Every structure is written in structure tokens, then in C-alpha cells.
1. How far, in degrees from 0 to 90, does helix 280-295 lean away from the longest principal axis of the Cα atoms of the chain, to the nearest 10?
2. Report the label-to-label distance for Ser29 and Asp310 in nanometres (one decimal), using points 7 Å from each Cα along the Cα→Cβ vector.
3. Considering the Cα positions of the chain, please state its Rg to one decimal place and its Dmax as a whole number of Å.
4. Which one, Ala38, Val28, Gly81, is farthest towards the positive end of the dipole of the stretch 1-135 when Lys and Arg carry +1 and Asp and Glu -1 on their Cβ?
5. Three principal axis extents, largest first, for the C-alpha atoms of the stretch 146-210, in Å?
6. Given R₀ = 25 Å, FRET efficiency for Glu289-Val268 by Cβ-Cβ distance, to 0.05?
7. For the stretch 1-140, what class follows from the C-alpha gyration tensor (a ≥ b ≥ c being the square roots of its eigenvalues): rounded when a/c is under 1.5, otherwise prolate if a/b is larger than b/c, else oblate?
8. Compute the length gained on full extension between Arg209 and Ala112: take 0.36 nm times their separation in residues and subtract their Cα-Cα distance, giving the result in nm to one decimal.
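Nothing in this text is a laboratory measurement; each read-out follows from the coordinates by a stated rule. This one's a predicted model, so the numbers in the text were calculated from it and none came from an experiment. Cβ: placed from backbone, ideal geometry, glycine included. Neighbour counts: every protein chain shown.
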Amino acid sequence: MVSTTDSALAWRVHRFGKPAEALRLDRVSVRPPGPREATVRIEAVGLNFPDLLLCAGRYQERPEPPFVPGYEAAGVVEQVGRDSRFAEGERVIVIPELPDGAMQTRQTVPDAALYPVPESVGATIAAVLHIAYQIAHVALHRRAGLRGGEWVLVTGAAGGVGLATVELARAAGARVIAAAAGAKLPAVRAAGADVALDPGEDDLGTAVREATDGRGADVVVDVVGGELFDRVRRCVAFEGRLVLVGFTSGAVPSLPANHPLLRNYSVVGLHLALYRRAEPALLHRVHDELLELLAAGAIAPHIHRELPFDEAPAALELIAGRDVIGRVVLRTG
Ligand SMILES: NC(=O)c1ccc[n+]([C@@H]2O[C@H](COP(=O)([O-])OP(=O)(O)OC[C@H]3O[C@@H](n4cnc5c(N)ncnc54)[C@H](OP(=O)(O)O)[C@@H]3O)[C@@H](O)[C@H]2O)c1
């Protein structure tokens with residue numbers, strides 16, 4: 001994908017709808033980097049479920065069109081501003097702020113939006129190493145205080161956040177029950193799940209009780225919500241922790257407040273983006289740990305498909321079709 005140094009190609013949402021209706025490929029200008037900023041040539045963009053919701057205007061963030069969606073990308077620093085912590089040629093992950101999101105071939109961002117990656121990590125892997133893995137890590141460790149040997153139940157386990165949760169739970173010495181659609185169960189087993197079940201076919205409560213000697217799951221990470229949430233909340237162990245991460249089912253469930261009271265469990269929310277302002281050092285610590293786990297082979301992001309940058313709408317439709325295992329990535333070159 002060719003673009004001159006002061007411009008870029010960007011997928012922009014012009015009106016809310018399905019990706020093919022919402023997105024248009026535009027040439028946009030790229031400003032030179034100011035103090036503590038850098039311009040990055042993007043090599044790969046990692047797509048996430050929220051990109052679909054952004055196109056539809058159904059996400060918690062709803063920028064005014066036209067805007068560039070996309071939460072994460074990877075590339076090479078092309079130019080730096082005064083006092084930037086980065087150097088030209090350095091490989092980075094870019095976590096930009098909307099409305100100037102990640103689905104573009106080049107962009108200028110503050111240093112705070114950049115995370116360094118070693119040469120050994122390819123752009124496709126770097127482009128999927130932040131959002132899903134940070135959510136999984138912060139959910140398991142910061143929000144749920146996971147301890148080795150505990151049982152973790154994760155829903156939507158074959159998706160981006162789900163597979164990352166399976167891998168990081170295993171890496172922490174936990175045991176994992178993974179819930180995903182039947183055709184995806186081999187993939188969640190391959191990622192390290194001890195028990196894999198299809199909540200559309202299997203009796204979730206019985207499977208969790210059998211696996212845990214009747215205790216239930218110490219930690220539940222739920223990305224699906226809806227009626228599945230109503231079933232997983234009944235599977236939480238005494239003094240367990242249920243982490244709310246997302247609602248891919250499209251339904252935000254309600255919780256009778258007496259349920260966690262009667263069963264002695266905690267319900268905690270996670271909104272990762274808030275840590276960027278409240279405690280950015282946490283995300284940098286997690287980033288360093290993720291790089292170590294990647295180098296040690298303890299995590300291995302599953303790439304479902306790499307598509308050319310021009311095919312962003314089709315790539316997002318794959319996610320909408322619910323057939324994706326792991327992640328879909330756009331490559332710019
Ligand atoms: N809290 C935060 O800070 C934060 C940040 C980013 C993302 N998120 C959320 O994390 C969640 C997961 O994101 P992701 O990128 O991992 O998504 P993903 O890769 O698309 O995976 C989500 C899984 O949810 C299930 N699913 C999808 N559509 C569904 C539907 N209509 N009904 C029921 N289940 C459905 C699918 O599993 P099966 O087909 O196997 O059932 C799919 O594998 C999303 O809700 C997203 O908004 C939260």
C-alpha cells in the first residue's frame with residue numbers, strides 16, 4: 001500500500017451501518033509529529049469485535065462520522081517529534097484514541113499511545129498483542145486476583161479475548177473450562193483448556209460442577225452476556241469472582257443483587273481503556289510480561305485470517321459471521 005509521507009489511506013465510517021455500508025477508504029492528511037509524538041507507518045491492524053459496533057454506531061464510544069475506527073495496530077516509527085521516547089525505525093504497537101483510530105496506513109500519535117516491540121515479533125502478531133491480552137490479563141489478575149490451581153470459566157472462549165484468557169489462565173497455573181460453539185472446541189483445547197463445552201448443546205452447570213468437584217468456577221470471565229450470563233453466574237464458586245468484559249450476544253443482562261449475596265461471590269466490571277488514564281504504568285507492566293510470555297512460547301496468538309488492508313469490510317464481516325477463531329488482521333503491504 002503506497003502513501004506519501006504527509007498522507008495516508010484510512011478506512012473511515014461515514015454513516016452507521018454494516019461495515020460495507022459504513023466504511024469508505026479515504027486519503028487523509030498526516031500531521032508531522034509534535035513534541036513527544038511519533039509518526040508510525042502501519043504494517044498490520046488487529047480487528048476486534050468493538051470495531052463492528054463502532055461501524056454500527058452501537059458501541060459505548062460513538063464518535064461523529066467521519067471517523068477512523070480501529071483499536072490496535074503495529075508498525076515502524078517513521079518520524080519523531082522533539083523529546084519523543086521513540087526512535088526512527090523502532091517497531092511499535094499503536095493504541096490510538098478515537099476518532100483517529102487504527103485503521104489507516106500511517107498516523108501520528110502521542111508517545112503514550114505506543115508500546116515498543118522487539119524486532120523478533122512480526123507485525124501480525126504485534127497487532128493482536130494488546131487489546132485482547134491486556135483485557136484477559138487485567139481481568140484475571142487485577143480484577144479477579146487469580147491464584148494458581150483455581151478454576152477459570154471463560155465464555156466466547158474461541159474469540160480474541162476468550163483465547164487470550166484461556167492461554168493466560170493456563171500460564172498462571174489455573175485450570176480452564178472454555179465455552180464456545182461446537183466447531184471451535186478443538187481450538188480452545190489446543191490453547192490449553194482442560195474442559196471445552198458448547199453452551200448451546202451441553203449442560204453448563206453440570207459440566208462445571210463435575211470438573212470442579214461441585215465447587216464451581218473460582219473465576220468467571222464473561223464476554224457474551226445475554227442468557228449465557230444468567231447461566232454462568234450460577235456456576236461461580238464460594239468467594240468466586242465474576243468479571244464482566246463484554247456483551248457479544250447484544251444483550252446486557254441484569255443481575256438480581258441477592259444472588260451474589262446469597263452465594264458469597266463478587267461481580268466486577270472491566271473497562272480496559274480507563275486504565276490508560278487512571279494507571280498507564282499497569283498497562284506497560286502487563287505489556288512487558290506479555291512479551292516475556294510470547295518469547296517463552298507460553299502464549300501464541302491464533303491468527304484466523306490475514307487480509308489485505310483494502311478488504312477491511314470483508315474482514316469485519318468475518319467477525320460478524322461468528323466463524324472466526326482467534327483474530328483477523330489487515331496487512332498494509
Ligand atoms: N471491557 C473492555 O474493556 C473491552 C475492550 C475490548 C473488547 N471488549 C469486549 O470483549 C468482547 C469480546 O471481544 P472479541 O474481540 O474477543 O470478540 P470475538 O473475537 O468476536 O469473540 C467473541 C465471541 O463471542 C461469541 N459471539 C459472537 N457473536 C455472538 C452472538 N451474537 N451471540 C452469542 N455469542 C456471540 C462468539 O463465540 P461462539 O460463537 O463460540 O459462541 C465469539 O467467538 C466483546 O464484547 C467486546 O466488546 C471489552
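1. Taking the Cα atoms of the chain, the angle to 280-295 is about 80 degrees.
2. For the pair Ser29/Asp310, the computed spacing is 2.7 nm.
3. Cα-based Rg and Dmax for the chain come out at 19.9, 62 Å.
4. Going by the charge dipole, the pick is Val28.
5. The principal-axis extents, from largest down, are 30, 25, 15 Å.
6. 0.75
7. Details: a/c = 1.82, a/b = 1.24, b/c = 1.46.
Since a/c reaches 1.5 but b/c is at least a/b, the shape of the stretch 1-140 is classed as oblate.
8. Numbers: separation 97, 0.36 × 97 = 34.92 nm, distance 4.44 nm.
Value of the extension gain: 30.5 nm.
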